[in-house]
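So the structure is just underneath, and the comments pick up after that.
The values are calculated or read from the model by the stated rules, or taken from the named source; none is laboratory data. These figures come from a predicted structure and were not determined experimentally. Reconstructed Cβ throughout: ideal geometry from the backbone, glycine too, with neighbour counts over all protein chains shown. Accessible surface areas use protein heavy atoms only, side chains included; no ligands, DNA or RNA. Shrake-Rupley method; radii C 1.70, N 1.55, O 1.52, S 1.80 Å.
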Protein chains: 2
Amino acid sequence: MAEKKEVLARQVPCQLCPLRKLDIFRPFTPEELDFVSQFKTGEVKVKAGDPLFLEGANCAHLYTLLSGLAFRYKLLPDGRRQILNYCTPGDFLGLQGSVMQEMQHSVEALSDMVLCVFQREGLWRLFESHAGLSFDVTWLAARSEQILDQQLLSVGRRSALERCAHLLLHLLDRLAELGMTSSRATVSIPITQQHIADTLGLSLVHTNRTLGRLMREGAIRWREKEFEILDRSRLAELASEEGALTGATRPLL
Amino acid sequence: MAEKKEVLARQVPCQLCPLRKLDIFRPFTPEELDFVSQFKTGEVKVKAGDPLFLEGANCAHLYTLLSGLAFRYKLLPDGRRQILNYCTPGDFLGLQGSVMQEMQHSVEALSDMVLCVFQREGLWRLFESHAGLSFDVTWLAARSEQILDQQLLSVGRRSALERCAHLLLHLLDRLAELGMTSSRATVSIPITQQHIADTLGLSLVHTNRTLGRLMREGAIRWREKEFEILDRSRLAELASEEGALTGATRPLL
DNA sequence: CGCGACCTTGAGTAGGCTCAATGCCGGTGG
DNA sequence: CCACCGGCATTGAGCCTACTCAAGGTCGCG
């Protein structure tokens, strides 16, 4: 309990992984499931607010996020923070650290998380023995690059109002496909306005005012770290959408 | 000549590829070189200003940039453009298009380019038969994600002056490791201030003034699509550097 | 010689920033 | 039970960075 990361004995066998039931994840062959099962060395819990990775560290592990949410970020020497993206269940974390020498960004838990743990060396065995899974790893890397591209477009070229609208829609969509939204379009996500500001490259105050505008317009509701999209089409219009991400089924390691 | 893309018969065998001599690229085994050689189906030339990919297209090819420069970008419906990053020789282009359904960004040549062409299906054979090369593809994907992370940090959290300084240093470093700089720190790169503006999320006018400041400070010189870093340490200081990219040797496909 | 592409510069505006204060919890210790 | 404190949202005021509009200026090219 005093530990930041609580290491657990292996819990759920991959074959029974509840995430895998979602139909956004591509079905794995029994053989693949076997491999992943032994690739996985355990589980770990991280408490909300705790770090999973710290920039500059050389982490020996890879993770698949099983439950909970997190975010990736970078800091400038004087403390300015840029949130790069959000991590949702099914995301494969730590690839950069395994593939390059060290992690160039940090990851922090937004809510309590459970993660599958893999050893760095296991990744190499994965590449040697499973072309399909290797391709999946690459697929996941390409996907997160796409998300980053979108985010960069937003931060670089959209107005504050557009950015907010776009981000909320993006989060809604990502959580919806995981079944993490309540009825309607209500997203429960433990972020503060400071997180949003740091994601969008805005100041806290201005973020607050911009969200206020969206609320007064009746496009969203925001209360207690939970927001609801009331008028999706209005929001999409405000966001200057550029075409959504592919909804293709994805791999889950 | 009337063609946008000029397809050439196979020219240089990979074993003799001049790029491969650079010591930033990891040495390949003869066996790997053989495979890459037959993976490569030809070469293509693209003229400065011409597109290599267009967003939304479903491209059947993958490329390795042999010579010349390009940039990746996205557009908003109303025409605002965000340049995502620059492509330099050795970069592997089109992975997103091969791995996902379609390309979510465009690529345009900055200067005349020569590229190696690979078939999309060849990538699958690569994964099946060459774990090392598969790993390399993933490595390259992870690296471009890192570069994007940096860029996002810049656009989101740095001031105009910091962004300019950071970008110039970044370009200098990337071109220097390829031996594409002249003596000293002179970078010859055919970009306009509009490119810089679209990279940094700034307006053209403000970019001009900011570069002007850097020039008046004596940190850089800019003339005719070519700039020179006169005072690297000053520039680094202005850039609020966050730690450079790994200089590790990289794969070249 | 005129035109197009690009760089410069001026002037005025505004979107977004900082500083600062207030209000609203929920948790904690006295 | 209550007072206090810390984290977060909100709001006002004033400022400044960066944007827009608008004119040139330079250079290369047909």
Requested in this report: Tell me which residues come under 5 Å, amide H to amide H, from B:G90 once H is placed; ignore anything under 5 positions away on its chain.
Outcome: B:L65, B:L66
Report task. Just need the relative contact order of the range A:152-238 here, percent rounded to a whole number, with Cα pairs under 8 Å and 6+ apart. Result -> 34
Query - Computed over the range A:5-114, Cα set: Rg, Dmax in Å - result: 14.8, 50
Query raised in the report: Under 5 Å between amide H atoms, partner at least 5 residues away or on a different chain: which partners does B:L252 have, H built in plane at 1.01 Å?
Result: B:R26
Requested in this report: Nearest 100 Å² is fine: how much accessible area is buried between A and B, summed over both sides, with a 1.4 Å probe?
Outcome: 5000
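Before anything else, pin down the relative contact order of chain B: Cα pairs under 8 Å, at least 6 apart, normalised by residue count, whole percent. Can you show the working numbers first?
On the way: 409 pairs, mean separation 53.2, N = 253.
Relative CO of chain B lands at 21 percent.
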Query raised in the report: Once you charge only the Cβ atoms, +1 for Lys and Arg and -1 for Asp and Glu, what is the size of the charge dipole of chain A about its Cα centre, to the nearest 20 debye?
Result: 600
Query raised in the report: Among A:K40/B:K74; A:K47/B:K74; B:K74/B:K225; A:K45/A:K225; A:K74/B:K21; A:K74/B:K74, which pairs are too far apart, with a Cα-Cα distance over 26 Å?
Result: A:K40/B:K74; A:K47/B:K74; A:K74/B:K21
Query raised in the report: Just counting partner chain Cβ atoms within 10 Å, what average do the residues of peptide A:129-138 show around their Cβ?
Result: 6
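Per residue of A:154-162, how many C-beta atoms from partner chains lie within 10 Å of its own C-beta, taken as a mean? Walk me through the numbers before you get to the answer.
Numbers: counts 7, 9, 18, 12, 4, 0, 0, 0, 1.
That average works out to 6.
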Report summary line: When the charge dipole of the protein assembly as shown is computed with +1 on Lys and Arg Cβ and -1 on Asp and Glu Cβ about the Cα centre, the Cα farthest towards its positive end, among B:N58, B:L126, B:V12, belongs to B:N58
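Provide a whole-number value for the mean count of partner chain Cβ atoms within 10 Å of the Cβ atoms in peptide A:100-109. Each step should come with its number before you reach the end.
Values: counts 9, 3, 2, 1, 12, 5, 0, 0, 0, 0.
Mean shielding count: 3.
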Query raised in the report: How much accessible area does A:K47 have with a 1.4 Å probe, in Å² rounded to the nearest 10?
Result: 100
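Would you mind working out the accessible area per residue for chain A, using a 1.4 Å probe, and quoting it in Å²? It would help to have the intermediate numbers written out before the result.
Values: 9860 Å² over 253 residues.
About 39 Å² of surface per residue is accessible.
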Query raised in the report: Can you tell me the Rg and the Dmax, both Å, for the Cα atoms in chain B?
Result: 18.5, 56
Requested in this report: Tell me the distances, shortest first, between A:T186 and the same position across the other copies, using label points 7 Å along Cα→Cβ, in nm to one decimal.
Outcome: 6.6
Requested in this report: Express in Å², to the nearest 10, the accessible area of A:R232 obtained by rolling a 1.4 Å probe over the protein heavy atoms while all chains stay in place.
Outcome: 100
**Report entry** Accessible heavy-atom area order of A:W222, B:W124, B:W139, highest first, probe of 1.4 Å
**Finding:** B:W124, A:W222, B:W139
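For the range A:91-230, go through all pairs of different Cα atoms, get the mean of 1/r, take its inverse, and jot down that Kirkwood value in Å.
17.3
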Report summary line: the range B:20-71 and the range B:176-243 have their Cα centres apart by a whole-number Å value of 27
Requested in this report: Leaving ligands, DNA and RNA out of it, rank B:T186, A:T41 by accessible area with a 1.4 Å probe, largest first.
Outcome: A:T41, B:T186
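Averaged over every viewing direction, what's the projected area of the C-alpha convex hull for the protein assembly as shown? Give it in nm², one decimal, please. Please list the in-between numbers first.
On the way: hull surface 95.9 nm².
Projected over every direction and averaged, the Cα hull of the protein assembly as shown covers 24.0 nm².
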Query raised in the report: Placing a label point 7 Å from Cα toward Cβ, how far apart in nm is A:G218 from its equivalents in the other copies, listed shortest first to one decimal?
Result: 6.3
Query raised in the report: Sorted from shortest, what are the nm distances separating the label point of B:A48 from equivalent points in the other copies, each placed 7 Å from Cα along Cα to C-beta?
Result: 5.6
Requested in this report: Read phi for every residue in the range B:136-143 and hand back ³J(HN,Hα) as whole Hz from Karplus 6.51 cos²θ - 1.76 cosθ + 1.60, θ = phi - 60°, with x for Gly and Pro.
Outcome: 4, 4, 5, 4, 5, 5, 5, 5
Query raised in the report: Using Cα atoms only, what is the angle between the long axis of helix A:160-176 and the major principal axis of chain A, expressed in degrees (0 to 90) to the nearest 10?
Result: 40
Query raised in the report: Across bins of 10 angstrom width beginning at 0, how are the C-alpha pair distances of the range B:152-238 distributed, in whole percent?
Result: 18, 56, 25, 1
Requested in this report: Give the accessible area for A:D23 in Å² (nearest 10); use a 1.4 Å probe, count only protein heavy atoms, and leave out ligands, DNA and RNA.
Outcome: 130
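Over the range B:1-150, what is the relative contact order in whole percent, taking alpha-carbon pairs under 8 Å and six or more residues apart? Before the final figure, lay out each step's value.
Values: 258 pairs, mean separation 41.9, N = 150.
Once normalised by length, the contact order is 28 percent.
Quick check: at a probe of 1.4 Å, how many percent of the accessible area of chain B sits on carbon and sulfur atoms? Could the numbers behind the result be given before it?
Numbers: 5220 of 9850 Å².
The computed percentage sits at 53.
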Query raised in the report: How many nm is it between the label spots at B:S159 and A:L33, if each spot is 7 Å from the Cα in line with the beta carbon?
Result: 5.8
Query - Residues whose placed amide H lies under 5 Å from that of A:E102, excluding near-sequence neighbours - result: none
Query raised in the report: Each residue of the range A:88-99 in order: what ³J(HN,Hα) in whole Hz does its phi give by Karplus 6.51 cos²θ - 1.76 cosθ + 1.60, θ = phi - 60°, with x for Gly and Pro?
Result: 10, x, x, 6, 9, 10, x, 4, 3, x, 7, 8
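Using a 1.4 angstrom probe on the protein heavy atoms only, could you order B:R81, B:R250 from most to least accessible area? Show your work: numbers first, answer last.
Details: B:R81 45, B:R250 10 Å².
Largest to smallest exposure gives the sequence B:R81, B:R250.
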